[in-house]
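Bear in mind these aren't lab numbers, they're just calculated from the coordinates by the rules spelled out. Source: prediction; values computed, not measured. Here Cβ is always computed from backbone atoms with ideal geometry, including for glycine, and neighbour counts include all displayed protein chains.
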Amino acid sequence: ECPLCLLPQPPEAFPTLASCPHRSCWACLERYLRLAVSESRVPVSCPHCPAALQPADVHRLLPEPALRDKYEEFLLRRLLVADPGTRWCPAPDCSYAVFAHGCAECPRLTCGREGCGTEFCYHCRQPWHPDGPCAPAPSLATPTAQLAQPEELAHGEAPAQAEAEDIKVCPRCSAFIMKINDGSCNRMNCTVCGCLFCWLCLREISDVHFLSPSGCTFWGKRPWSRTRRILWQLGMVLGAPMVISLAAGVAVPVITIGIPIYMGRKVLAGGPGSRRSSLSGCQQCLSVTSSVLLSLFVSPIITALTVGVGVPLMLTYVYGTVVLSLCR
């Protein structure tokens, strides 16, 4: 049975993959790859795990030559975007890459694609400007305003700032990314270069960015104001001892008593395929009692590790990271 379509298939319908041991039917893998490549989600990961599929498997499973060419192009673009010396031609309908290593002192670049020959600047990546300094980077709202303006002017309306915030650029590769500004998740992943960045501050981030006192929240339409951020940090510094003590005081009895109760109920309830039905009443009682006694022995160790590790980490964060942020 295929784990994706849940239909019974003959063994020859399940192609082997070089990246991982997971198996799905040929039709499901083909549809999955076609959708992933059309959405430029390259490299393509296995539908069951994060392992990236090998290019040979992708070529074998994709039937259309056009999709295979797109896959190769997206792989090449992902590789070139990660190179800090690569520059992309700014001409319309030209996606030619120029290798510009060591061109900072002589910033005039020329597109090498046949029939293009556009000259542009290494630094600002805009058309060449021999008589002046690099122009400032365009506003992130400009592309949206330009896209929205014709339709809205036809109805006699001005472009709204809320709509102008729906399109921003990737901080690494400057690819345009659209997101409905409805306060949903602000953790963005660029499909062109794989950059993980924050939608609010447009900085490359790690997984702890939204836990730092930066004012960026995991959900929300805009960062916190400076006043609100400072008040929140002051509240954390002043209230940390009481909150941490309260959390530790609640966690100790909950973990110590909760684990034995949970294990006893779980063993007593059993589950599908369990042996509980074949055990006598005395054996069931002995099994529940032994699991509870073992949990009573283990739960204080788990409680001590949780409190002994969690409390110092929280204190270090509050009186280290937060205090340094307040000083800045």
- Counting alpha carbon pairs within less than 8 Å and at least 6 residues apart, what relative contact order, in whole percent, applies to the stretch 84-132? 31
- Task: Give the shape of the chain as rounded, prolate or oblate, defined through the alpha-carbon gyration tensor: a ≥ b ≥ c are the square roots of its eigenvalues, a/c under 1.5 means rounded, and otherwise the shape is prolate if a/b is larger than b/c and oblate if not.
- Result: oblate
- Message: What's the magnitude of the charge dipole for the stretch 165-221 around its Cα centre, counting Lys and Arg as +1 and Asp and Glu as -1 at the beta-carbon? Answer in Debye, nearest 20.
- Response: 80
- Message: Using only the alpha-carbon atoms, what does the stretch 1-82 span along each of its principal axes? Please give whole angstrom values in decreasing order.
- Response: 42, 24, 19
- Semi-axes (Å, rounded, descending) of the ellipsoid equivalent to the stretch 84-132 per its C-alpha gyration tensor are 16, 13, 9
- Please turn the phi angles of the stretch 76-93 into ³J(HN,Hα) values with the Karplus equation 6.51 cos²θ - 1.76 cosθ + 1.60 (θ = phi - 60°), one per residue in order, whole Hz, x for glycine and proline. 5, 5, 4, 5, 6, 5, 6, 8, x, x, 8, 10, 9, 5, x, 5, x, 6
- Query: For the chain, with the dipole built from +1 on Lys and Arg beta-carbon atoms and -1 on Asp and Glu ones, taken about the Cα centre, which of THR86, PRO3, THR303 lies farthest toward the positive end?
  - Reply: THR303
- Task: Rounded to the nearest Å, what's the spacing between the alpha carbon centres of the stretch 196-264 and the stretch 1-75? Just the number, please.
- Result: 39
- Among bridges DSSP assigns within the chain, what percent are antiparallel (round to 5)? 100
- Message: From Cα pairs below 8 angstrom and at least 6 apart in sequence, can you work out the relative contact order of the chain, rounded to a whole percent?
- Response: 9
- Taking LYS168 as the anchor, which lysines have their alpha carbon closer than 30 Å to its alpha carbon, excluding any fewer than eight residues away along the same chain? LYS70, LYS179, LYS221
- Task: Could you give the size of the charge dipole of the chain about its Cα centre, using +1 on the Cβ of each K and R and -1 on the Cβ of each D and E, expressed in debye and rounded to the nearest 20?
- Result: 1380
- Rg over Rh [alpha-carbon atoms, Kirkwood Rh] for the stretch 174-328: 1.18
- Note on the structure: The relative contact order of the stretch 37-96, taking Cα pairs under 8 Å that sit 6 or more residues apart, comes to a percentage of 29
